[in-house]
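These notes are about the structure you will find just below.
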Amino acid sequence: MCGIVAYTGQREAYPVILKGLKRLEYRGYDSAGVALSEGIGLSVYKKKGKVSQLEESLIGKQLNALSGIGHTRWATHGEPSDRNAHPHRSSNGKLALVHNGIIENYASLKRELVNKGYSFESDTDTEVLLKFIEDIFNHQSESLEEAVRIALRRVVGAYVIILLNEDEPGTLIAARKGSPLVIGIGKGEHFLASDASPIIEYTKEVVYINDYEIAIVKPEELILKNLGNDKVTPFITQLDMELAAIEKGGYTHFMLKEIFEQPTTVFDCLRGRLDAKEGTITMGGVDPHLDKLTNANRIIMLACGTSWHAGLVAEYVFEELCRIPVEVEYASEFRYRNPVIKEGDIIMAISQSGETADTLVAMDMAKKQGAFLFGVVNVVGSSISRMSHAGTYTHAGPEIGVASTKAFTAQLTVLMMIAMKVAYAKGTIDQKRYLHLIRELDSVPGKIEVILETNEQLKKIAERYKDARDFLYLGRGYNFPIALEGALKLKEISYIHAEGYPAAEMKHGPIALVEEKLPVVFVATKDAYHDKIISNAQEIKARKGKVLAVISEGDDAFASLADETLPVPVADELIAPLLTVIPLQLLAYYIGNAKGLDVDKPRNLAKSVTVE
Ligand code: M6R
């Protein structure tokens, strides 16, 4: 979490940094700030709240600087406030620092510094790190770069830092461990940011900085070194991203735009891979490792949040089609227990951002125990994609709304294709079913378009239920993880308490909640459990609960029980999750919107969870 941007070159730095911060605001929006190398020295401006509040506070100010650093914060140490906002300044005022991550041993470092007479203005670990660097610079090293290197060898935790020094106005010193940093290379200028979105309109040439690397960045020069002071050759890659992909394009929110993009993103995900006419699935990232996958004793899905829900759907699909045992693990739990990892186990790490700290650390742990890591990632060049032995991108394009929508359906699409490929290679699926599933997957983009046409109807349903205090979401089989995902979407966006459960589990506790004001959302398309879930809906009706039902078009039996229906086109039960999640995304969006909430930036959340 936290977004950082920096610039050094011939342009006015402030507008570049401000625009970049707005693009990175999805990473945190508790406070924002900039430090600029102005003629008079270093100036630091910071403000609690969103980037627009910082911008307003600076209207009318002459901010002439050709280099600077900026930060948008997701608070970890210390409440959101002006005081705790970044950049922080050194005691002598000459250095300014922005930081993304957590310095775990900040308390002991702080004690050392307090004993030496340092005082602190904020509650942050960042100020401690800065003053630690300052102290080393003043007493132990000849250069700031060397001081940073010495300091980072003592630091435990994750960080990306960028330092600005009043005495060397055009030079930025950046370093990374565990949090992302990308540097854009322009002509006589450099752009630094947490992801490529602030950079894309200036240059497509970028360098992704690796863990334990330090970058010394000047307008004309980029020097990369490791913590041992050896030079590292920067590996320049071309960005494959267009500016339009990170703009709202006429939609009121990114979340709505991203929901409506799904016919295209699922299509893009299938394109060049699934050939319905030929009946083939070709996946560059999977084909060379097909043997490993077909011979796997077990697959462990590692993920968090929405990506974990994608893993749950994949568990059902892989076990059904491939007959390989699958475990789905919260990365945050997996990393702290002592899991049994055996030779032949495959870790599938699922992540939109590719930067989730818990997933990264869990992968690293499994790697050390000999597991084969396969990444299913959306952001190209991200840390998870680089840590994986093999993997595949989901090609959903940049997802800016904090609530994940199009990345989820892209994850499902990729995971389903992999399962179908593996099953076919293993011989655990017959040709007829394989070809049927290929055709079904191929028809998903068109079917999502049909669902999106029910948009207005969903808006009205949202209006009717927006004041509910709680929601219950129920599903069975392939649709059970979709019930969890529907509940997560609603609570993230509307702050309404929502629980997802397997429908039959309801009788073991949650049924106590049912009364006439409780909306119960059934995810109940026609599948092997349909009669069972109809009985579950009867049980809710008998207790006067309100039934909202995502059902297959033409399912009159369920429709007659429901207070509201959210129909989706008929699909194979295995493919259905790709459809049933769409009305639930829209329902959450419209309820959040009807309550007047900022759905793209829900309170307390951040898009990329780079702290544990
Ligand atoms: O980037 P990742 O997929 O690894 O992120 C995992 C979760 O933080 C993420 O899915 C989160 O739950 C979303 N806000 C859900 O909408």
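The values are calculated or read from the model by the stated rules, or taken from the named source; none is laboratory data. None of these values were measured; they are calculated from a predicted model. We place every Cβ from the backbone using ideal geometry, glycine too, and count neighbours over all the protein chains shown. Ligands, DNA and RNA are stripped out before the accessible areas are found, and what is left, the full protein with its side chains, is counted by its heavy atoms. Shrake-Rupley method; radii C 1.70, N 1.55, O 1.52, S 1.80 Å.
Go over the candidates D291, D287, D345 one by one and state the one that is open to solvent by less than 10 Å² (accessible area, probe 1.4 Å), among the acidic types (D, E), more than 16 Å from the ligand (Cβ to nearest atom) and at negative phi.
D345
Open to solvent by 10 Å² or more (accessible area, probe 1.4 Å) and part of a helix (DSSP H, G or I), is that true of E573?
Criteria not met by E573.
In region 55-76, how many are open to solvent by less than 30 Å² (accessible area, probe 1.4 Å) and either in a loop (DSSP other than H, G, I, E, B) or not polar (S, T, N, Q) (or both)?
Pass one, region 55-76, residues open to solvent by less than 30 Å² (accessible area, probe 1.4 Å): 58, 63, 65, 67-73, 75.
Keeping just the survivors that are either in a loop (DSSP other than H, G, I, E, B) or not polar (S, T, N, Q) (or both) gives 58, 63, 65, 68-71, 73, 75.
Selection size over region 55-76: 9.
Specify which of the listed residues (A498, A483, A468, A462) is touching a residue at least 24 places away in the same chain (Cβ under 8 Å), within 24 Å of K595 (Cα to Cα) and in a strand (DSSP E or B).
Numbers: A483 fails: in a strand (DSSP E or B); A468 fails: in a strand (DSSP E or B); A462 fails: in a strand (DSSP E or B).
The unique qualifying residue is A498.
(1) within 24 Å of W308 (Cα to Cα); (2) touching a residue at least 24 places away in the same chain (Cβ under 8 Å); (3) among the basic types (K, R): which one isn't true of K491, the others all being true?
Here K491 clears every test but (2).
On the basis of being touching a Phe, Trp or Tyr at 6+ places or on another chain (Cβ under 6 Å), open to solvent by less than 20 Å² (accessible area, probe 1.4 Å) and at pLDDT below 95, does L24 make the cut? Steps first, answer last, please.
Working: touching a Phe, Trp or Tyr at 6+ places or on another chain (Cβ under 6 Å): no; open to solvent by less than 20 Å² (accessible area, probe 1.4 Å): yes; at pLDDT below 95: yes.
Answer is no for this residue.
Being more than 12 Å from the ligand (Cβ to nearest atom) and not in a helix (DSSP H, G or I) is the filter here; which residues of region 576-611 pass it?
Within region 576-611, A576, K595, G596, L597, D598, R603 meet the criteria.
Give R476, R464 a once-over and let me know the one that is over 28 Å from the mean Cα position of the chain (by Cα), more than 16 Å from the ligand (Cβ to nearest atom) and open to solvent by 10 Å² or more (accessible area, probe 1.4 Å).
Details: R476 fails: over 28 Å from the mean Cα position of the chain (by Cα).
Exactly one of R476, R464 is over 28 Å from the mean Cα position of the chain (by Cα), more than 16 Å from the ligand (Cβ to nearest atom) and open to solvent by 10 Å² or more (accessible area, probe 1.4 Å), namely R464.
Given the conditions (1) within 16 Å of the ligand (Cβ to nearest atom); (2) crowded, with 22+ Cβ neighbours inside 10 Å; (3) assigned to a helix (DSSP H, G or I), which single one is not true for M420?
Exception for M420: condition (1).
For region 259-294, how many residues are charged (D, E, K, R) and part of a loop (DSSP other than H, G, I, E, B)?
5
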